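Undergrad: Below is one structure. I have some questions about it.
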Amino acid sequence: MASSLQAFKFDSATTPPTLFVLDQLLLPHRKSYIKIQTVEDAFTAITSMNVRGAPLIALTSVLALAVDISSSPATHQSILEKITFLKSSRPTAVNLSNALNPLLASSTSTTNTNTNIIDASDDSATLVAKIIAYSKFLLSSDLQTNLNLSEHGASALKRLHPSTPNKKYNVVTICNTGSLATSGHGTALGVIRTLHKSDNLNSLLIPETRPYNQGSRLTAFEAVGERVERSGVRSRAKRANCWKFLRCRLSAALGFPLRLAFRCARLMDTAPSLRSVRKTKTLSNPLKPTPFSEDGFGHLSTLCCDSAVAAFMSKVKVDAAFVGADRVVANGDTANKIGTFQLAITCKQFAVPLFVCCPLSTIDLDTATGGGIEIEERKSQELLLASSAPREGVSCFNPAFDVTPGNLIAGIVTEHGVIEKNESGLFDVGLFVHKNK
């Protein structure tokens, strides 16, 4: 089932086409869309994490390119430069390159099924028409890809328990791999959504996935049925800003320097008040509401901090972990959101099979092992701000992704089926891809 909240809005019927992307940094408390008019707009939205999720990043880039060249004259060379620029926005996510490479006349990647879509001899109108047609093709195929992948993932788990076909499973995921990361339904979260639809989901554990909290902000949000908290949160935010302003004015009136007054206001914001503590105590479990939509499974979901997964597994029998991927290389090593490697190690300790869920567009056969994957490292300031750490005097290690070795992965779920290990206990990803091209 597609998401009730669209991760983007694209209209090719207008002249030029229009593209709006959901600002995912504001979820779950506010729904706001960002207008994308140029590839520079798309680059900023992607690098700033307003748009995230490997499949959605790829779709956004191609759609942004279509909008950009529709509103200004385009040449083959200018398009190549724009494509190169977009590809630099998130280097670890191979979907981005695999979506844009077919537009390059010199494309030779072994993972592309369509090459040389545009040609140096095409005039501006032809270039625009071809890229818009290609963007429509990506849109129409992505949702069906996710639906097929999800069915294969659910079936793979059920095959592990052939004697109990009606079993309800306890599963865990990480980050967000649902409708907000794709054109709809999702990959790893799509498998979980499919399990819920067939009444085979008993519980879902959602680690918060720091430092951007994609698990707590986005996956939990999808689990409860994508209900945006609107007026209440906005009014509380306005009240908070008013109180901050009054505190600053009062501090200044008492003789404090203005800079110190602002610092005092910030400290008062971070210190929990008695009122907020009392409110927290009344919330026995904020992730146990009645679902807000037919697709919701929030009542089956539990949120935990990233460091609590092992403790949870020591108390609850978890049947499987389903995670997404930003790049899967030839030997099955997988780059995904930071914390996935840690989750995989925990799964091994408790004999929990971990499945990587991704379309074939996430596979990179040109890279032999995970050691060849470029891992994006985010700015230190992002971690410092998210963790309320001292702004100076401490260094940061803040990679956006880590690499899970293939030996910790039970299977790689794709739209064409599950890539399983051979008799030697190794993945031959290339053989599977070539058979299903």
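Undergrad: Could you please find all residues in the stretch 142-161 being closer than 11 Å to Glu415 by Cα and among the polar types (S, T, N, Q)? Walk me through it before giving the result.
TA: Pass one, the stretch 142-161, residues closer than 11 Å to Glu415 by Cα: 142-153.
Listed by number, the residues that qualify are Gln144, Thr145, Asn146, Asn148, Ser150.
Undergrad: If Lys82 meets every condition in (1) at pLDDT 90 or above; (2) assigned to a helix (DSSP H, G or I); (3) closer than 21 Å to Thr187 by Cβ apart from one, which number is that one?
TA: The one condition Lys82 does not meet is (3).
Undergrad: Still on this structure, I have one more. I'm told Ala74 meets every condition in (1) modelled with pLDDT under 90; (2) within 25 Å of Ser97 (Cβ to Cβ); (3) surrounded by fewer than 20 Cβ atoms within 10 Å (Cβ to Cβ) except one. Can you identify the failing condition by its number?
TA: (3)
Undergrad: Still on this model: If a residue counts only when it is touching an Asp or Glu at 6+ places or on another chain (Cβ under 9 Å) and surrounded by 14 or more Cβ atoms within 10 Å (Cβ to Cβ), which strands (runs of 3 or more DSSP E) contained entirely in the stretch 341-437 have at least 1 such residues?
TA: On the way: elements: 354-357, 401-404, 411-414, 417-419.
Because the criterion is at least 1 residues that are touching an Asp or Glu at 6+ places or on another chain (Cβ under 9 Å) and surrounded by 14 or more Cβ atoms within 10 Å (Cβ to Cβ), the strands (runs of 3 or more DSSP E) in the stretch 341-437 that meet it are 401-404, 411-414, 417-419.
For (1) out of contact with any helix residue (DSSP H, G or I) (no Cβ under 8 Å at 6 or more places or on another chain); (2) farther than 20 Å from Ile57 by Cβ; (3) of a type outside the set (Lys, Arg), each residue gets a yes or a no:
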| residue | (1), (2), (3) |
| --- | --- |
| Lys158 | yes, yes, no |
| Ser163 | yes, yes, yes |
| Val172 | no, yes, yes |
| Asn176 | no, no, yes |
| Thr187 | no, no, yes |
| Ser198 | no, yes, yes |
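Undergrad: Still on this structure, please answer the following. Assess whether Asp326 counts as being within 20 Å of Asp428 (Cβ to Cβ), touching a helix residue (DSSP H, G or I) at 6+ places or on another chain (Cβ under 6 Å) and assigned by TED's automatic domain parsing to the domain that holds Ala181.
TA: Details: within 20 Å of Asp428 (Cβ to Cβ): no; touching a helix residue (DSSP H, G or I) at 6+ places or on another chain (Cβ under 6 Å): yes; assigned by TED's automatic domain parsing to the domain that holds Ala181: yes.
The answer is no for Asp326.
Undergrad: Take residues that are farther than 22 Å from Gly225 by Cα and either without any contact (Cβ under 8 Å) to a residue 40 or more places away in the chain or not aromatic (Phe, Trp, Tyr) (or both) and tell me which of the strands (runs of 3 or more DSSP E) falling wholly in the stretch 1-54 contain 2 or more.
TA: Working: elements: 8-11, 18-22, 33-36.
It comes to 18-22, 33-36.
Undergrad: Could you check, for the stretch 295-308, whether at least one of its residues is modelled with pLDDT of 95 or more and among the aliphatic types (A, V, I, L, M)?
TA: yes
Undergrad: Could you give me the residue pairs with C-beta distances under 6 Å whose first residue belongs to the stretch 347-366 and is more than 19 Å from Asp428 (Cα to Cα), whose second residue is in a loop (DSSP other than H, G, I, E, B) wherever it lies, and which are 6+ apart or on separate chains?
TA: Val352/Val318
Undergrad: Which members of the stretch 39-65 meet the condition of being small (Gly, Ala, Ser) and either farther than 13 Å from Asp23 by Cα or not assigned by TED's automatic domain parsing to the domain that holds Asn98 (or both)?
TA: In the first step, residues of the stretch 39-65 are kept if they are small (Gly, Ala, Ser); the result is 42, 45, 48, 53-54, 58, 61, 64.
Answer for the stretch 39-65, where residues must be small (Gly, Ala, Ser) and either farther than 13 Å from Asp23 by Cα or not assigned by TED's automatic domain parsing to the domain that holds Asn98 (or both): Ala54, Ala58, Ser61, Ala64.
Undergrad: Residues that are in contact with a Lys or Arg (Cβ under 9 Å, 6 or more places away or on another chain) and closer than 25 Å to Gly153 by Cα: does the stretch 374-383 have at least one?
TA: no
Undergrad: Restricting to the stretch 163-179, name every residue that is modelled with pLDDT of 95 or more and more than 17 Å from the chain's Cα centre (by Cα).
TA: Lys167, Lys168, Tyr169, Asn170, Val171
Undergrad: So, one more: Taking Gly184 and the conditions (1) among the small types (Gly, Ala, Ser); (2) surrounded by fewer than 24 Cβ atoms within 10 Å (Cβ to Cβ); (3) at pLDDT 95 or above, which numbered condition does it fall short on, given that it satisfies the others?
TA: Of (1) among the small types (Gly, Ala, Ser); (2) surrounded by fewer than 24 Cβ atoms within 10 Å (Cβ to Cβ); (3) at pLDDT 95 or above, only one is false for Gly184: (3).
Undergrad: OK, next. Out of the residues in the stretch 89-112 that are under 19 Å from Ile57 (Cβ atoms) and hydroxyl-bearing (Ser, Thr, Tyr), which is modelled with the highest pLDDT? Full working, then the answer.
TA: Within the stretch 89-112, the first condition is being under 19 Å from Ile57 (Cβ atoms), and the residues that meet it are 89-104, 107, 109, 111-112.
Restricting the remaining residues to those that are hydroxyl-bearing (Ser, Thr, Tyr) gives 89, 92, 97, 107, 109, 111.
Details: Ser89: 94, Thr92: 90, Ser97: 91, Ser107: 38, Ser109: 41, Thr111: 43.
Applying the filter and picking the extreme gives Ser89.
Undergrad: Moving to a separate point now. Scan the stretch 55-76 for residues that are over 28 Å from Ile375 (Cβ atoms) and touching a residue at least 24 places away in the same chain (Cβ under 8 Å) and jot them down.
TA: First, the residues of the stretch 55-76 that are over 28 Å from Ile375 (Cβ atoms): 66-76.
Ala66, Val67, Asp68, Ile69, Ser70, Ser71, Pro73, Ala74, Thr75, His76, listed by residue number.
Yes/no matrix, rows are residues, columns are (1) farther than 18 Å from Ala330 by Cα; (2) assigned by TED's automatic domain parsing to the domain that holds His152; (3) touching a residue at least 40 places away in the same chain (Cβ under 8 Å):
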| position | (1), (2), (3) |
| --- | --- |
| Glu377 | yes, yes, no |
| Gly393 | yes, yes, no |
| Gly406 | no, yes, yes |
| Ile409 | no, yes, yes |
| Val413 | no, yes, yes |
| Gly417 | no, yes, yes |
| Glu423 | no, yes, no |
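Undergrad: So, of the residues in the stretch 294-319 that are among the charged types (D, E, K, R) and either in contact (Cβ under 8 Å) with a residue 24 or more places away in the chain or not in a helix (DSSP H, G or I) (or both), which turns out to be nearest to Val172 (Cα to Cα)? Let's see the steps before the verdict.
TA: From the stretch 294-319, those among the charged types (D, E, K, R) are 294-295, 306, 315, 317, 319; that's our starting set.
With the extra rule that they be either in contact (Cβ under 8 Å) with a residue 24 or more places away in the chain or not in a helix (DSSP H, G or I) (or both), the set shrinks to 294-295, 306, 317, 319.
On the way: Glu294: 21, Asp295: 18, Asp306: 12, Lys317: 11, Asp319: 8 Å.
Only one residue fits best here, namely Asp319.
Undergrad: Could you give me the residue pairs with C-beta distances under 7 Å whose first residue belongs to the stretch 187-205 and is surrounded by fewer than 24 Cβ atoms within 10 Å (Cβ to Cβ), whose second residue is of a type in the set (Lys, Arg) and at pLDDT 95 or above wherever it lies, and which are 6+ apart or on separate chains?
TA: Asn200/Lys167; Asn200/Lys168; Leu201/Lys168; Asn202/Lys168
The values are calculated or read from the model by the stated rules, or taken from the named source; none is laboratory data. Everything quoted here is computed from the prediction, not taken from an experiment. Note that we place each Cβ from the backbone using ideal geometry, even for glycine, and neighbour counts take in every protein chain shown.
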